[in-house]
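Single-structure report; data block below.
The values are calculated or read from the model by the stated rules, or taken from the named source; none is laboratory data. Being a predicted model, the structure only gives us computed values, none of them experimental. Cβ atoms come from the backbone with ideal geometry, glycine included; neighbour counts cover every protein chain shown. To get the accessible areas, we keep the full protein, side chains included, count just its heavy atoms, and leave off ligands, DNA and RNA. Shrake-Rupley method; radii C 1.70, N 1.55, O 1.52, S 1.80 Å.
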Number of protein chains: 2
Amino acid sequence: MSTTPKQSPRELMVTTPTDREIHIERVFDAPRERVWQAFTDPKMVAQWWGRGNKLVIECKEVERGGHWRYVEHAPDGIHGFEGRYREVTPPERIVQTFEWDGMPGYVAINSMQLEDLGDGRTKVMITSLFHTKEERDGMLSSGMKDGLIQSYIALDAVLAKLS
Amino acid sequence: MSTTPKQSPRELMVTTPTDREIHIERVFDAPRERVWQAFTDPKMVAQWWGRGNKLVIECKEVERGGHWRYVEHAPDGIHGFEGRYREVTPPERIVQTFEWDGMPGYVAINSMQLEDLGDGRTKVMITSLFHTKEERDGMLSSGMKDGLIQSYIALDAVLAKLS
């Protein structure tokens, strides 16, 4: 399934370009440099990535080969996430692995592109590639979309404070 | 391509069951419990995994969710390898991720099965799954087979000392 529906401002678009991929798009009302900062500065990531839950950033080495590890303290328990950077090209592209402690050894590749829309806004595009369709479908049914919607609303607020 | 050629004792078999997989098989002249030990005890792994080069095992937590990291001191330089355990079922199965520092963020899934041949020998079967055919082909052309042949000859010697 590959769809390109009309996109409203701040709406999270989720599509499935291939059997092993998820593609998301979201527009933020901030210049690309600021969005880059919000995705790469640990102090800023801690303010939005955990959807309002406490987020402990144990490690975040934003460079090729560097590792990252976040621990989210959610009402239903503590969830660790980690991965490694494959590519870091400021201010436009990051490719990194993504793994949740609850399913250790199941690794997705997240390729993020930041597009400068030329009017002070930035489009974030992320394609996640999984080893199997089953892993991709598991991610889709995990509540991923609702979690991202919550996180990105928190990110809107962080970006608004910066301007 | 899927082939099942006749296998000589101690010959390393390498096949490609699908576009994103490599499958290897090798018979060792030792009981399954000993082969399991040689693959999971850090002190023993250090004696063979590095093909005769010095191998520093920085981390090896052989359990679901645990991490491993080896650093090989080879004549051409220092090479780090790391990953995480998805499944550990003694003495027959380990599934783990595999990543080389030289290509950070490129992750293969290695599923290893140890088969008790019933005559004091053990067949080791490992299937590696890659995210793309290009990554799989890169591994095939990296000298992987020669490296494994050397490592497994070193492992033969380690197993012989155990018996």
For the table B:K43/B:K161; A:K145/B:K133; A:K60/B:K54; A:K123/A:K145; A:K60/B:K43; B:K43/B:K123, the rows whose alpha-carbon distance is greater than 24 Å are A:K145/B:K133; A:K60/B:K54; A:K60/B:K43
Here the equivalent ellipsoid of chain B, derived from its Cα gyration tensor, has semi-axes (largest first, whole Å) of 22, 20, 16
Helix-only [θ] at 222 nm, the protein assembly as shown, -39500 (n - 2.57) per DSSP H run of 4+, per residue, nearest 500, equals -8000 deg cm²/dmol
From highest to lowest solvent-accessible area (probe 1.4 Å; ligands, DNA and RNA excluded), B:E33, B:E11, A:E99 read B:E33, B:E11, A:E99
For A:Y106, the accessible surface traced by a 1.4 Å probe with all protein chains present amounts, in square angstrom to the nearest 10, to 80 Å²
homo-copy label distances at B:M125 (7 angstrom along Cα-Cβ), nm, one dp, ascending, are 4.3
Whole-Hz Karplus couplings 3J(HN,Hα) for segment A:104-110, θ = phi - 60° and coefficients 6.51, -1.76, 1.60, Gly and Pro as x, run x, x, 9, 10, 9, 9, 9
Output row for B:T89: copy-to-copy label distances, label 7 Å along Cα→C-beta, ascending, in nanometres, one decimal, is 4.2
Put A:R26, B:R10, B:R121 in order of accessible area, largest first, probe 1.4 Å, and you get B:R10, B:R121, A:R26
With the charge dipole of chain A built from beta-carbon charges (+1 for Lys and Arg, -1 for Asp and Glu) about the Cα centre, the Cα from A:V56, A:A157, A:F98 projecting farthest to the positive end belongs to A:A157
Measuring from its Cα centre, the protein assembly as shown shows a charge dipole (+1 at each Lys and Arg Cβ, -1 at each Asp and Glu Cβ) which, in debye to the nearest 20, is 140 debye
Distances in nm between the label point of B:D156 (7 Å along Cα→Cβ) and its equivalents in the other copies, shortest first, are 6.6
Partner shielding of A:28-40, as the mean number of partner chain Cβ atoms within 10 Å, equals 0
One residue of chain B has its C-beta nearest the axis rotating B onto A; that residue and its distance in whole Å are B:V107, 2
